[in-house]
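Undergrad: The structure under discussion is supplied below as structure tokens; questions concerning it will follow.
The values are calculated or read from the model by the stated rules, or taken from the named source; none is laboratory data. Predicted model only: the values in this text are computed from it and were never measured. Using ideal geometry, Cβ is built from the backbone for each residue, glycine included, and neighbour counts are taken over all protein chains shown. Side chains included, ligands, DNA and RNA excluded: accessible areas come from the protein's heavy atoms. Shrake-Rupley method; radii C 1.70, N 1.55, O 1.52, S 1.80 Å.
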Amino acid sequence: MSTTPLPIDRNDVVEATVTMDSDCEYVRVYDDDGNEVPSQILSKDGTSSRSPLPRRSPPWATVCSMFAPADSASDIDTGMSVTANSLSNDKYDVTIDENGDISSIYDKTLDKELLAEPIRLGQLNDTETEWPAWELKFSDYADKDAREYVADKASDIEIVENGPARVALKITREYGNSSYEQIVSLDNGGEAVEVQNVIDWHEKIHDAEGHLPAERRQ
């Protein structure tokens, strides 16, 4: 079951964890009318499976999905594809360069390249003094150049999802004392390129001029 608490149509991927019989290897998903919808299994833990499925929800509505054991995975052809450096759905072709940056987002519906340059991971100085732990003011960063970029070549680019509901690449990088993990994904029917960042941060904290504050120099 998924709910749209907004006055607009939504077409998003929903992730659900379902429990089936121990001998169930595959799961297929059906909508309210009994039509199969694209789905795939992300992980299995005993009798529980975690699955993503795209669902279109009308405004202020709740839609139901039915899960059933199956002898094979969903084989609905949604036109999705993924390689070691690219992802594609009906709307976008996305390219990843050797540094691990998104170097191209081509919009098929507009017949247009959306990027003038690669999307890079930039590091900026946090100059907030009142609420530095959780407040990031857009006005403080929108027109600022990055202090530096995570510029090392990606240590690993791995296909982590390849199914009719979603395709995804995981990009791993080491820079300085920290590690960076990004998952870039496209959904079936989705209109966004999604990026999840997990950063294991081990850098020292500097002031606005790039100097280590006196109380942290010890």
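Undergrad: Please go through region 129-159 and give me each residue that is surrounded by 13 or more Cβ atoms within 10 Å (Cβ to Cβ) and among the β-branched types (Val, Ile, Thr), ordered by number.
TA: Correct list: Val150, Ile157, Ile159.
Undergrad: Can I ask one more? What are the pairs with Cβ atoms under 9 angstrom where one residue, in region 14-31, is under 19 Å from Asp187 (Cβ atoms) and in contact (Cβ under 8 Å) with a residue 40 or more places away in the chain and the other, located anywhere, is among the charged types (D, E, K, R) and open to solvent by 40 Å² or more (accessible area, probe 1.4 Å)? Sequence gap at least six, or different chains.
TA: Ala16/Arg50; Arg28/Glu36; Val29/Glu36
Undergrad: Right, here's the next one. Which one of the conditions (1) of a type in the set (Ser, Thr, Tyr); (2) without any contact (Cβ under 8 Å) to a residue 60 or more places away in the chain; (3) open to solvent by 50 Å² or more (accessible area, probe 1.4 Å) does Ser49 fail to meet, given that it meets all the rest?
TA: Only one criterion in (1) of a type in the set (Ser, Thr, Tyr); (2) without any contact (Cβ under 8 Å) to a residue 60 or more places away in the chain; (3) open to solvent by 50 Å² or more (accessible area, probe 1.4 Å) is unmet by Ser49, namely (3).
Undergrad: Separate question: In region 65-96, which residues are open to solvent by less than 50 Å² (accessible area, probe 1.4 Å), closer than 30 Å to Glu117 by Cβ and among the hydrophobic types (A, V, I, L, M, F, W, C)?
TA: If the condition is that a residue be open to solvent by less than 50 Å² (accessible area, probe 1.4 Å), closer than 30 Å to Glu117 by Cβ and among the hydrophobic types (A, V, I, L, M, F, W, C), then Met80, Val82, Leu87, Val94, Ile96 are the ones that fit.
Undergrad: Which pairs have Cβ atoms under 7 Å, sit 6 or more apart or on different chains, and link a residue in region 52-75 that is closer than 11 Å to Val37 by Cβ and modelled with pLDDT of 85 or more to one that is charged (D, E, K, R) and open to solvent by 50 Å² or more (accessible area, probe 1.4 Å)?
TA: Listed by first residue and then by second, the contacts come to Ser74/Glu36.
Undergrad: For residues in region 149-194 being among the aliphatic types (A, V, I, L, M) and over 28 Å from Asp77 (Cβ atoms), which is modelled with the highest pLDDT? First the steps, then the outcome.
TA: Within region 149-194, the subset among the aliphatic types (A, V, I, L, M) is 150-151, 154, 157, 159-160, 165, 167-169, 171, 183-184, 186, 192-193.
Next, only the ones that are over 28 Å from Asp77 (Cβ atoms) stay: 150-151, 154.
Values: Val150: 88, Ala151: 77, Ala154: 83.
By that ranking, first place goes to Val150.
Undergrad: What pairs come up if the first residue lies in region 119-132 and is under 13 Å from Asn197 (Cβ atoms), the second is aliphatic (A, V, I, L, M) and part of a loop (DSSP other than H, G, I, E, B), and their beta carbons are under 7 Å apart, counting only those six or more places apart or on different chains?
TA: Listed by first residue and then by second, the contacts come to Leu121/Val150; Gly122/Ala146; Gln123/Ala146.
Undergrad: So for region 101-116 (the condition being of a type in the set (Phe, Trp, Tyr), in contact (Cβ under 8 Å) with a residue 24 or more places away in the chain, in contact with a strand residue (DSSP E or B) (Cβ under 7 Å, 6 or more places away or on another chain) and surrounded by 14 or more Cβ atoms within 10 Å (Cβ to Cβ)), does at least one residue qualify? Even if it seems obvious, please write down each step before you answer.
TA: Quick first cut of region 101-116, residues of a type in the set (Phe, Trp, Tyr) only: 106.
Imposing the further condition that a residue be in contact (Cβ under 8 Å) with a residue 24 or more places away in the chain reduces the set to none.
No: zero hits.
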